[in-house]
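This report refers to the structure that appears directly beneath it.
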Amino acid sequence: MNTVFEIIKKPRIHLINLIKDLSIEQLNEVPAGFNNNLIWNMAHIIAAQQGVCYKRAGLDIRVDENFLQRYKPDTKPDGFMDKTEIEKISGLLLTTIDQLETDYNNNVFTNYTPWTTRYGVQLNNIDNAINFLPFHEGLHFGYIMALKRVVANS
């Protein structure tokens, strides 16, 4: 299972590097035709991981509940994110996956509630959930790359 954590972590590192040359304004911009912005997508990746893995297992999430509520599915950017918040999100991209790996190795996910994702994927246990993350994060990686092309050329 350690390989899947690397499969998740390496693209997250790439995301952090992908946005480092953009301004705070570019990270917050919601271009025409889009429902959200670059930094919302990055925060959403974290929130989704917390919901898919921890909430579904009946565990406390490893981020603030308000963070989860702001960036869970079906939300949109609700304000301008400053440098401090952007740095926090970049840090959480890495610390939350490290924490997930630690918690997984410590067998804390013993009470996972099976469910079906909006994509029709049945997740019966934490192994299924963790293996689902690269798919979900890949979708948002694509959105982030498209958003970057638009805001970098505007």
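Things to note:
- Residue that is nearest to ARG56 (Cα to Cα) [pool: residues in region 68-113 that are of a type in the set (A, V, I, L, M, F, W, C) and free of Cβ contacts under 8 Å to residues at least 60 places away in the same chain]: PHE109
- Apart from one condition, THR3 fits all of (1) surrounded by fewer than 15 Cβ atoms within 10 Å (Cβ to Cβ); (2) assigned to a loop (DSSP other than H, G, I, E, B); (3) over 18 Å from the mean Cα position of the chain (by Cα); the exception is (2).
- Test for ALA146: is it modelled with pLDDT under 95, surrounded by fewer than 16 Cβ atoms within 10 Å (Cβ to Cβ) and under 21 Å from ASN36 (Cα atoms): no
- Within region 22-61, tally of residues that are more than 27 Å from ASN125 (Cβ to Cβ) and of a type in the set (Ser, Thr, Tyr): 1
- VAL63 vs. criteria touching a residue at least 24 places away in the same chain (Cβ under 8 Å), β-branched (Val, Ile, Thr), out of contact with any Pro (no Cβ under 9 Å at 6 or more places or on another chain) and over 16 Å from GLU87 (Cβ atoms): no
The values are calculated or read from the model by the stated rules, or taken from the named source; none is laboratory data. Source: prediction; values computed, not measured. Please note: Cβ atoms are built from the backbone with ideal geometry, for glycine as well, and neighbour counts cover all protein chains shown.
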